[in-house]
Amino acid sequence: MGKTSKAKNSYSPQGRGTATRPGRISMTWVWIAAAAAGLAILAWLGVNNLQQTADIAGIQYLSGLTAEHTTDSVNYAQNPPAGGDHNPAFLNCGIYDQPVKNENAVHSLEHGAVWVTYQPDLPQSQVDKLRQMVRGHSHLLLSPYPNLPAPVVASAWGIQLQLPGADDSRLARFLKKYEQGPQTPERGAECSGGTGNPIG
């Protein structure tokens with residue numbers, strides 16, 4: 001009799017646990033699924049927003065650029081050039097305080113360089129800021145450029161951006177996006193060991 005009574009007492013709580021456990025597990029998975037769905041939606045919204053802001057306002061895209069080697073002077077359609085036929089020797093990346101040859105600089109663009117040019121009469125404080133931005137990068141060029149259409153112009157292969165000065169936030173974004181960027185015809189090519197003697 002004692003054993004029978006004990007069995008009934010132990011059975012009843014076990015039965016209650018068995019009856020409620022599936023419901024608890026089911027609700028747990030519902031909450032997990034809802035949380036995962038919420039996170040997925042937030043992630044999608046973040047990526048979508050990033051894609052919408054990825055383009056840099058004012059960029060000009062150039063198409064149909066040739067890329068032949070030539071030792072002749074090239075009459076480029078853009079000022080400064082952002083691609084086209086070029087000298088067999090690429091320009092060493094770095095900082096220049098004098099104008100450089102277009103044909104050598106364009107070859108560097110083919111290697112993934114971004115060429116930052118500025119008007120020769122740009123205030124020294126602006127020039128210093130440009131030098132600070134370029135210094136230490138393997139595929140950035142900086143040089144003055146006479147008759148520039150804007151105070152500062154940033155050029156990558158097939159891509160160009162005119163800027164009112166070194167303080168424009170678009171410049172840093174341009175450098176980050178296009179130094180050895182997806183537009184590069186010869187990505188991974190060196191920008192040292194060519195011609196030219198940068199001062200920094």
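Condition check for Lys176 on (1) surrounded by 17 or more Cβ atoms within 10 Å (Cβ to Cβ); (2) without any contact (Cβ under 8 Å) to a residue 12 or more places away in the chain; (3) of a type in the set (Lys, Arg): one failure, at (1).
Condition check ((1) among the polar types (S, T, N, Q); (2) farther than 25 Å from Ala67 by Cβ; (3) within 18 Å of the chain's Cα centre (by Cα)) across all residues:
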{"position": "Gln124", "(1), (2), (3)": "yes, yes, no"}
{"position": "Met133", "(1), (2), (3)": "no, yes, yes"}
{"position": "His139", "(1), (2), (3)": "no, no, yes"}
{"position": "Leu142", "(1), (2), (3)": "no, no, no"}
{"position": "Leu148", "(1), (2), (3)": "no, no, no"}
{"position": "Ala156", "(1), (2), (3)": "no, no, yes"}
{"position": "Pro164", "(1), (2), (3)": "no, yes, no"}
{"position": "Asp167", "(1), (2), (3)": "no, yes, no"}
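Among the residues of region 167-183, some residue qualifies, meaning at least one is polar (S, T, N, Q) and within 21 Å of Pro123 (Cβ to Cβ). Of the numbered criteria (1) outside the structural domain of Ser73 (by TED's automatic domain parsing); (2) buried (at least 22 other Cβ atoms within 10 Å of the Cβ), the one Leu142 fails is (1). The sole residue among Ala67, Ala105, Ala77, Ala57 that is part of a loop (DSSP other than H, G, I, E, B), modelled with pLDDT of 95 or more and surrounded by 10 or more Cβ atoms within 10 Å (Cβ to Cβ) is Ala67. Filtered by the rule that a residue be aliphatic (A, V, I, L, M) and surrounded by 14 or more Cβ atoms within 10 Å (Cβ to Cβ), region 190-200 gives no residues.
Yes or no: region 90-97 includes at least one residue that is acidic (Asp, Glu) and under 26 Å from the mean Cα position of the chain (by Cα).
No, the conditions are met nowhere in region 90-97.
Among the residues of region 177-187, is any touching a Phe, Trp or Tyr at 6+ places or on another chain (Cβ under 7 Å), modelled with pLDDT of 95 or more and not polar (S, T, N, Q)?
The answer is yes; a qualifying residue exists.
The rows are residues; the columns are (1) crowded, with 17+ Cβ neighbours inside 10 Å; (2) outside any loop (DSSP other than H, G, I, E, B); (3) acidic (Asp, Glu).
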position	(1), (2), (3)
Gly112	yes, no, no
Asp121	no, no, yes
Asp167	no, no, yes
Gln183	yes, no, no
Gly188	no, no, no
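Of note, Pro151 does not satisfy the criterion of being touching a Phe, Trp or Tyr at 6+ places or on another chain (Cβ under 6 Å) and not aliphatic (A, V, I, L, M).
Failed condition for Gln132, given (1) in a loop (DSSP other than H, G, I, E, B); (2) closer than 20 Å to Arg170 by Cα, with all others met? The failed condition is (1).
The values are calculated or read from the model by the stated rules, or taken from the named source; none is laboratory data. Everything quoted here is computed from the prediction, not taken from an experiment. Glycine gets a Cβ as well: all are built from the backbone with ideal geometry, and neighbour counts include every protein chain shown.
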